[in-house]
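Heads up: the structure comes next, in structure tokens.
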Amino acid sequence: AAEYCEVAERLSEEPVDLLEINISCPNVKEGGIAFGQSSRSVEQITREVKKYAAQPVIMKLSPNVTDIAEMARAAEAGGADVSLINTLTGMKIDIHKRTFALANKTGGLSGPAIHPVAVRMVYEAARAVKVPVIGMGGVTDTQSAVEMMLAGASAVSVGTVNFHDFRATEKIVQGIEAYLKEQGISDVNEIVGAVRQHI
């Protein structure tokens, strides 16, 4: 926890607009459980970081939990907005060498494969808190970005797809504008959390 606070304090006078705090890291003092896997830890680390941060703080939530809404509420109680999801824990084994492909045995899975999980968790988190929710996880095109917003994301983050198409974000923004025009919607905020509850 002290390291998070130290970094937040060092950045407090830097030209940084906001801090996104990745809490999927292991808390060695608590037996190695990730900060983001305990609601008590989430609220505590959020409160601590907020004491040192001059910028708005966004807690990046781990999907590797039983109840994402509980974690979102904990971050909100600590005074931060939330972003989700971070990577899912995955594993790859080299069948020819019969060894783990990663030195740490497990690693973070990102990209399109995690998108349905991300949409579900954004939906659950957005319904549980009043603070803005930033949706991320497998956003590759206009459809996946709009899906996040309909689920409740106030903003959307684009990650892995940038390795394949450096103009992806620009294309998604243009696509959202076209979608809004097609739907006859003048304000993008109208689609945030606007998924219909019945088919």
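The values are calculated or read from the model by the stated rules, or taken from the named source; none is laboratory data. Computed from a prediction, not measured in an experiment: that's the story for all the values here. So basically every Cβ, Gly included, is an ideal-geometry build from the backbone, and we count neighbours across all protein chains shown. Please note that ligands, DNA and RNA were not included when accessible areas were found on the heavy atoms of the full protein model with its side chains. Shrake-Rupley method; radii C 1.70, N 1.55, O 1.52, S 1.80 Å.
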If exposed means trypsin sites (Lys or Arg not before Pro) lying in a DSSP loop and surrounded by at most 14 other beta carbons within 10 Å, then the longest stretch of the chain lacking such sites spans residues 1-91
If you take all C-alpha pairs in the chain, what percent of them are over 22 Å apart?
53
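Take the alpha-carbon positions of the stretch 102-199, form their convex hull, and give its projected area averaged over all directions (one quarter of the hull surface) in nm².
On the way: hull surface 31.4 nm².
Result: 7.9 nm².
Tell me what the chain gives for mean residue ellipticity at 222 nm when only DSSP H runs of n ≥ 4 count, each as -39,500 (n - 2.57), the sum divided by the residue total, rounded to 500 deg cm²/dmol. Walk me through the numbers before you get to the answer.
Details: 6 runs with 74 residues, N = 199.
Estimated from H runs of four or more residues: -11500 deg cm²/dmol.
Could you work out the local net charge near T169, counting Lys and Arg as +1, Asp and Glu as -1, over the other residues with Cβ closer than 14 Å to its Cβ?
Details: positive: R167, K171; negative: D141, D165, E170, E177.
That sum, taken over residues with Cβ under 14 Å, equals -2.
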Report, please, the projected area of the stretch 79-157 averaged over directions, based on the convex hull of its C-alpha atoms, in nm².
6.4
Which semi-axis lengths, in whole Å and largest first, follow from the square roots of five times the eigenvalues of the Cα gyration tensor of the stretch 1-109?
28, 16, 13
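If you roll a 1.4 Å probe over the stretch 130-172 with all protein chains in place, what percent of the accessible area is carbon or sulfur?
Working: 1230 of 2140 Å².
Ligands and nucleic acids excluded, carbon and sulfur give 58 percent.
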Provide the per residue accessible area, probe 1.4 Å, for the stretch 1-128, rounded to a whole number of square angstrom.
58
When the accessible area of the stretch 27-115 is computed with all protein chains present and a 1.4 Å probe, what percentage of it is carbon and sulfur?
51
Taking Cα pairs closer than 8 Å and at least 6 residues apart, the relative contact order of the chain in percent is 15
